[in-house]
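The values are calculated or read from the model by the stated rules, or taken from the named source; none is laboratory data. Please read these numbers as outputs of a predicted model, since none were measured by experiment. Every residue, glycine among them, receives a Cβ derived from its backbone with ideal geometry; neighbour counts consider all protein chains shown. The protein model used for the area step is the full one, side chains on, heavy atoms only, and it has no ligands, DNA or RNA in it. Shrake-Rupley method; radii C 1.70, N 1.55, O 1.52, S 1.80 Å.
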Amino acid sequence: MSTLPIRIYGDAILRKKAKPVTQIDGELQQLIAQMTETMRTADSPPGVGLAAPQVGRLVRVVIAREDADEDTPVHCLINPRVVEQEGEQTDSESCLSLPTLCGVVGRYLRVLVEGIGPDEKELSLELEVLLARVLQHEIDHLNGVLFIDRAQPDSLNWLIPDEDEEDGYRLKPTALEQVGQVFERLRQKRQ
Ligand code: ZN
């Protein structure tokens, strides 16, 4: 299964609203499979979620998983929506469309998400903590919203690989303006 290029911050498609899926056909199944493979093979840091606009498709499809282990099941939701939410959590977040950037974002602690599965069955998922966070992040993508829009001021950092650190990275503070310039250069290099 082939992967798809991930759109990088600055790409206009990341700011557009995705359209609801009206037909779950072979083309959509292929998109879901390609999104899954794209998320699995991304590594900056490893991806735990992906929304269709990030691979250039303006349809309401997201995938998410609890962690980046190979065996962890990947959830897929078509036309997902948060129908109930409670509690709060605050933690660091990152995004495959803003590689190596992280920032602190407040989210609901628990959410009830409804949508349709790839098998065309209605899905209702009660999620908490990390998976709840990932789904909120991915549903934001469907509405053109990125985690940097919600990140606490002064919480943006680059993840710099560093073997001496416990998790393999150290943080280097940055600001939104600098982030825009860095990704603009990255996008031009990739074109
Ligand atoms: Zn993202």
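Filtered by the rule that a residue be open to solvent by less than 50 Å² (accessible area, probe 1.4 Å) and among the acidic types (Asp, Glu), region 157-178 gives a lone residue, ASP162.
Screening the candidates ARG187, ARG133 for the property of being part of a helix (DSSP H, G or I), of a type outside the set (Gly, Ala, Ser) and modelled with pLDDT under 95 yields one hit, ARG187. Residues in region 93-110 that are open to solvent by less than 60 Å² (accessible area, probe 1.4 Å), more than 18 Å from LEU50 (Cβ to Cβ) and in contact (Cβ under 8 Å) with a residue 24 or more places away in the chain: GLY103, VAL104, GLY106.
Residues in region 179-191 that are open to solvent by 20 Å² or more (accessible area, probe 1.4 Å) and in contact with a strand residue (DSSP E or B) (Cβ under 9 Å, 6 or more places away or on another chain): VAL182 alone.
Kindly establish whether ARG150 is open to solvent by 20 Å² or more (accessible area, probe 1.4 Å), under 17 Å from the mean Cα position of the chain (by Cα) and either more than 12 Å from the ligand (Cβ to nearest atom) or among the charged types (D, E, K, R) (or both). Spelling it out, ARG150 is indeed open to solvent by 20 Å² or more (accessible area, probe 1.4 Å), under 17 Å from the mean Cα position of the chain (by Cα) and either more than 12 Å from the ligand (Cβ to nearest atom) or among the charged types (D, E, K, R) (or both). Taking residues in region 14-35 that are in a helix (DSSP H, G or I), and partners anywhere that are modelled with pLDDT under 95 and of a type in the set (A, V, I, L, M), the pairs with Cβ atoms closer than 8 Å and at least 6 places apart or on different chains are ALA33/MET1; GLN34/MET1.
Only one of the numbered conditions (1) surrounded by fewer than 16 Cβ atoms within 10 Å (Cβ to Cβ); (2) over 17 Å from ALA64 (Cα atoms) is violated by VAL129, and that is (2). Only strands (runs of 3 or more DSSP E) whose full extent lies in region 49-111 are considered here, and the ones with at least 1 residues that are away from the ligand (no atom under 11 Å from the Cβ) and in contact with a strand residue (DSSP E or B) (Cβ under 8 Å, 6 or more places away or on another chain) are 61-64, 75-86, 89-94, 101-107.
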